[in-house]
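Working notes, beginning with the structure itself.
Please treat every number below as a calculation from the coordinates, not as lab data. This structure is a prediction, so every number in the text was calculated from the model and none was measured. Cβ placement follows ideal geometry from the backbone for every residue including glycine, while neighbour counts extend to all protein chains displayed.
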Amino acid sequence: MQNSRRLYLILTIFVVVGALGALLWTSFTGSLVYFYTPTEILQTGSDKSGHKVRIGGMVQEGSLVKQPGSLKMRFLVTDGTNRLAVTYEGMPPDLFREGQGVVVEGVWRPGQDFNAGTVLAKHSEDYIPVKMTQEGIARSKENMLRTLK
Amino acid sequence: MMWIELAHFATIIALLMAVVQLMAPVVGVLALRPAWVRVGRQAAYVVAVALTLAVIGVVISFLNHDFSVKYVAEHSSLSLPFFYRLTALWGGHEGSLLFWAWLLGLYTAMAVWRHWSSHPHSVPVVLSVLGAVITGFLVLILFLSSPFERLPRPPMDGRDLNPMLQDPGMVFHPPFLYMGYVGFAIPFAFALAALVNGRITDEWIVATRRWTLFSWAMLSTGIVFGAYWAYHVLGWGGYWAWDPVENASFIPWLVATAFLHSNMVQERRHMFMRWNLFLIITTFSLSLLGTFLVRSGVLSSVHAFASDPGRGVYILMFMTVVLLASFGLLVFRSDRLKSEVRLESLLSTEAAFLFNNLFLVVAALTVLLGTLYPLAMETLGSAKVTVGAPYYNKVFVPIMFIVLALMGVGPMLVWRGMQAQRLLRAVWIPLAGASIAAGLAFSFLGVRHPYGIVCIFLALFVAVSHGLDWGAAVRKKMIAAKQGFIPASSNLIRRNKRRYGGFMVHLGIVVMTVGFVGSGLFQEEKELVLAQGDFVVMGDWRLTFTGIHSVQGSNWTAQEALITAETDHGKKITLRPQKRVYNNHPMPATEAAISSHFLEDIYVVLGEPVSDANWAFRLYRNPLVSWVWGGAEMMALGILWSLLQGRSFKSKKRVDGTGPALQVDPSHS
């Protein structure tokens, strides 16, 4: 009697943990958002078509065009080698500027402008925007996932 | 002007004394010379005093604007208000670590003073363990991350504190968080003492019950302060983003919550002994991990980790030593830890706590996975990924719903076991109440999302089950003591502070959960361009852009918009969102305007001018956010009440009419 109860307990725990593990892993792998530079995403071809991705680089000087009277804008994100046209409608973060680091998130559709749902400006811990010199661009590959805090 | 040297010198003394605190008790115990243990005790007191001096030295350097100190120059400025200079100590890595070590020094002194005569066998080991942790921190502070460094050419003005940190929320968030993190060091040290001495009784659990409760309360409050800060400062309309920095504090909270419950089982039933040791060691290790993840720059980028390889490697080594030593000891001693008592029934309080623990630990693992996996991927160089809110919504939220359901069943269960019919007799009223509420919400409030329905169901289930239990206990008391309702209930709450404090915490968590789900599911967001005189409708509110002007603060200037918000019921308020520019920072910062009400918040963020008279705005209607803060206050009150209970409830008489948990089921006795 004592033993069968123990067996039931162990079985219950086993089933519960197994189910949780399965739920966890499928959701986890399904909700990862991969990060690319413009060069990297252009190399993936159509592999990532329809996937949500993050793309990071520098807002190219002189590329930012705002549509008058609205919150629509278009700009180029560059990693020094390749450029990607990005459209966005909304209020950009305070530190969003030409010549500075940016991370955009949206669904990747090869051959079209990248329509960003979210725009994040990168900045250092002291709330100073990350300057994107050539060296900065190289470093930013490592630094890109700096969050907004 | 020598304050920083005084602080530096005091810290060096503290390090030397911490080593004495670590070694002397070992000598004392091995050589059977109690005098050496007393030396360890005195060393602990000296550490506390020296670190207090060090903290005072750094704070005075901030107050004096001593910009020849690198840490002050980087985190303060001439125009920084007094209040923020006073608290800039924890504005950066170096000072935060010093603050951490200082707290640990104070706690150690308090613990030794309190437990010296009551726990003579544990105290030497506690001294050594805590001495080792302080030593680890002080070596890091003195050699790799010093706040005492002078600059050869002091600047005229400092670089200023990050404007985002110039907010009352950020003044309170780190100290509370740290008071929690550091507090778990005490039960951790007592647990290791029990393992070292091989006297693995329930003594360490009982001795550190209040330390655990206190630390849990501080950690909870600290996390809520952080959320409050994020809500008020970051301007994205939310308070929790599942950001790694936030997760780092939440993971130890989840494990600590499991420990808070399972240690009651050991106190009452002498079960889960190994498990409790495992939980407290894990909690403290995760507290260390949380501190280091946030305060070493590892999280903001892997690159920063590499840019100061010394610090990174040291932190890794320190964590490794702590983990190996404590878990190694646990494994080494595990043969002595066989509990005599077995679980007798699945329908018992201890079984409910077992599942509560299981789910809380799994929840902690899910958050840990989401936090560390991207770091691991990035370090291995295979890919850069982020794990966003969808993962946590899908995985974490259901697990928490299960924990809530267990919370609701809890008060109806008894220790050891009960018959199914008895549970069914008790459970149907809360179940029925909860079902009716969920049905009403579905048909009248128009709640369609499954999480919304489940949340309302569970909230009512927990509230009714706790209310019924309390009501039954009051009725019993009224009959037994022939008292009226008010004296009976106040007596009851005063007699069993721990139980009813716990009830209050549970209700606070329910209120918070309603707030989480309400604001998570029903947030309304609008981004648009407004000209003066334009209006926009959000829920019952009509928001009109009435004007914009400049305002001047002590160390900033701002553009401030005036937004008049009106309802049909004649409520009228003015919101003043700002776009600030701080004197020492080139970039603007957003200051959201928030109007909080019982059922919803109106949250307005000012953007940039789109053309001459047109400004961009982002507006949110956030339902039930004030429930999150209100629930947190209930939780804090409840835990304070529990802390007031002196005796452990084990020493209480078993049947004193304070509810089923203290009764023995006649069918088993």
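The table below lists the values:
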read-out: Alpha carbon centroid spacing (whole Å) that separates the stretch A:19-37 from the stretch B:9-83; value: 45
read-out: Which of B:218, A:58 has the fewest Cβ neighbours within 10 Å, and the rest in rising order; value: B:218, A:58
read-out: Label-reachable residues, the stretch B:388-409, where backbone N falls under 17 Å from a point 7 Å from residue A:22's Cα toward its Cβ; value: B:395, B:399
read-out: Computed FRET value (nearest 0.05) for residue B:421 with residue A:7, which takes r as the C-beta separation and R₀ as 22 Å; value: 0.35
read-out: Per-residue average of Cβ from other chains inside 10 Å of B:227-237; value: 1
read-out: Other protein chain Cβ atoms within 10 Å, averaged over every residue that makes up B:382-389; value: 6
read-out: Whole-Å semi-axes of the ellipsoid equivalent to chain B (Cα gyration tensor, √5λ, descending); value: 41, 39, 21
read-out: A:75, B:278 arranged by Cβ crowding within 10 Å, fewest neighbours leading; value: B:278, A:75
read-out: Length added when fully stretched, residue B:64-residue B:494, from 0.36 nm per residue minus Cα-Cα; value: 149.9 nm
read-out: Mean Cα-pair separation over length for chain B, i.e. relative contact order, pairs under 8 Å, 6 or more apart, %; value: 11
read-out: Residues B:402, B:134, sorted so that the one with the fewest Cβ neighbours within 10 Å comes first; value: B:402, B:134
read-out: Gain in span if fully extended, residue B:157 to residue B:550, counting 0.36 nm per residue against the direct Cα distance; value: 138.9 nm
read-out: Stretchable slack from residue B:436 to residue B:608, in nm (0.36 nm times residue separation minus alpha-carbon distance); value: 57.1 nm
read-out: Overall form of the stretch B:213-252 per C-alpha gyration tensor (a/c, 1.5; a/b vs b/c); value: oblate
read-out: Span-like helix ranges in chain B, DSSP H, alpha carbon extent 30 angstrom or more, Kyte mean at least 0.0; value: B:3-30, B:34-63, B:93-115, B:209-233, B:244-269, B:273-295, B:309-332, B:349-380, B:450-481, B:497-522
read-out: Shielding by partners, peptide B:390-403 (average Cβ within 10 angstrom, other chains); value: 3
read-out: Estimated 222 nm signal from helices in chain B, with DSSP H stretches of n ≥ 4 weighted -39500 (n - 2.57), rounded to 500; value: -21000 deg cm²/dmol
read-out: Of all DSSP beta bridges in the protein assembly as shown, antiparallel share, percent nearest 5; value: 95
read-out: Cα gyration tensor category, rounded, prolate or oblate, for the stretch B:306-452 with a/c compared to 1.5; value: oblate
read-out: Theoretical FRET efficiency, 1/(1+(r/R0)^6), r = Cβ-Cβ of residue B:313 and residue B:595, R0 60 Å, to 0.05; value: 0.75
read-out: Across A:48/A:72; A:72/B:579; A:66/B:394; B:476/B:497, pairs whose alpha-carbon gap is larger than 29 Å; value: A:66/B:394
read-out: Distance histogram in 10 Å bins (all Cα pairs of the protein assembly as shown, percent per bin); value: 2, 11, 20, 24, 21, 14, 6, 1, 0
